[in-house]
Amino acid sequence: MSETHELILEAKHVTKKYPASGGKTLVANRDISLNMYRGRTLGIVGESGCGKSTFMRMVASLEKPDQGEILYRGKDMGKLKGEALRQHRQNIQMVFQDPSAAFSPRMRVMDIVCEPLLNFKRIRKKEKEAAARKLLEMVELPEDFIWRHPHNMSGGQRQRVGIARALALEPEIIICDEATSALDVSVQKTVIELLVRLQKEKNIAYGFICHDIALVQSVAHQVAVMYLGNIMEVLPGERIGKESLHPYTQALMGAVFDLHMDFDEPIKSIEGEAPSPLNIPEGCPFQNRCRQCMEICRKIKPALKNISEDHQVACHLYERKNCFFHRNPL
Ligand code: SF4
């Protein structure tokens, strides 16, 4: 991405595996390389189980890669331990899909949003009320909500509390893990608008995990499309509609419901089912659902290649010597 935006996080060739039954191994992330920049949003999109949350959990230092490294301002986070790791966690915070699951129902909003500040001794107990009021103002909630309990609030209000808590330590990166997926569409819009405003004001980098490509393309500056633990395509969100090349990205876009679509045309859905992540075939992982599958696709896994400075694709269609996109970069 850009020379003008400050690079703060680099994932280099990250692989994450888990042992599975029958002596098998589940590869949740395979050779992932992605960057995050201040004030920019990296979206990760893909179907359930594609490995997007696993990747962001490693970015948030909740898990460590088995291979590769994740550098935060040049430092390998996988090597941090004990107090150094605890201190580092202030830099990267998370907002989850269901914030109430992360809150104790007995805690008031003031205690929820101020807990990280007290844990890291950023404030004293007597400063709690003022700090909580300031955080609620940032997320556009009435200040007297500090006395409420989460169960007395709507889903959108609870999610704003989750965002306020994530903001408390003034992190450089916030990971939003399906943070708006459980909300009604109208509430989702207002929460997204809030996230966008906060990003502009505080120059925060977001990692935005979502299964909805229509939403991701509208909020993310750069989008990585994942399938069965692999990156299939990376390109700017605003260009997905017109310039995506990978058959999987195009299939996801084809399945998007749009009010302005031609209702005489059937809504396309992605053909077939993804193979078991424990039995990914040799060659291209998308081969059994791809209408353009060729012989080579069943034998050789396509590498992620540059199509232009900010666009990469892993597909044999764009590797051939005479490929239009190699002769005429976008
Ligand atoms: Fe389809 Fe082959 Fe491209 Fe895979 S590599 S997406 S099977 S054309």
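The values are calculated or read from the model by the stated rules, or taken from the named source; none is laboratory data. Values in this document were obtained by computation on a predicted structure and should not be read as measured data. Virtual Cβ from ideal backbone geometry, glycine too; neighbours counted across all protein chains shown. Remember, those area values only see protein heavy atoms, side chains included, never the ligands or the DNA or RNA. Shrake-Rupley method; radii C 1.70, N 1.55, O 1.52, S 1.80 Å.
Quick look at the values:
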| item | result |
| --- | --- |
| Some residue of the range 126-133 being open to solvent by less than 30 Å² (accessible area, probe 1.4 Å) and modelled with pLDDT of 95 or more | yes |
| Extreme residue, farthest from the ligand (Cβ to nearest atom), among residues of the range 269-280 that are under 26 Å from Pro19 (Cβ atoms) and loosely packed, with under 15 Cβ neighbours inside 10 Å | Leu278 |
| Residue satisfying condition, being in contact with a Cys (Cβ under 9 Å, 6 or more places away or on another chain) and either surrounded by 15 or more Cβ atoms within 10 Å (Cβ to Cβ) or farther than 25 Å from Gly39 by Cβ (or both), within set Glu115, Glu143, Glu178, Glu172 | Glu178 |
| Scan of the range 205-243 for residues that are in a loop (DSSP other than H, G, I, E, B), open to solvent by 10 Å² or more (accessible area, probe 1.4 Å) and farther than 19 Å from His5 by Cα, ordered by number | His211, Asp212, Leu228 |
| Meets criteria (modelled with pLDDT of 95 or more and in a strand (DSSP E or B)) for Leu141 | no |
| Candidate set: the range 297-330, residues that are within 15 Å of Thr249 (Cβ to Cβ) and assigned to a loop (DSSP other than H, G, I, E, B); chosen: the one modelled with the lowest pLDDT | Leu330 |
| Answer residue from the range 244-267, given it is among the aromatic types (Phe, Trp, Tyr) and open to solvent by 80 Å² or more (accessible area, probe 1.4 Å) and is modelled with the lowest pLDDT among those | Phe263 |
| Any chance Leu62 is of a type outside the set (Lys, Arg) and open to solvent by 50 Å² or more (accessible area, probe 1.4 Å) | yes |
| Residue that is farthest from the chain's Cα centre (by Cα), among those in the range 281-301 that are within 15 Å of Asn230 (Cβ to Cβ) and near the ligand (Cβ under 7 Å from one of its atoms) | Cys297 |
| Hits in the range 28-52 (condition: open to solvent by 20 Å² or more (accessible area, probe 1.4 Å) and modelled with pLDDT of 95 or more) | Arg30, Asp31, Ser33, Asn35, Tyr37, Arg38, Arg40 |
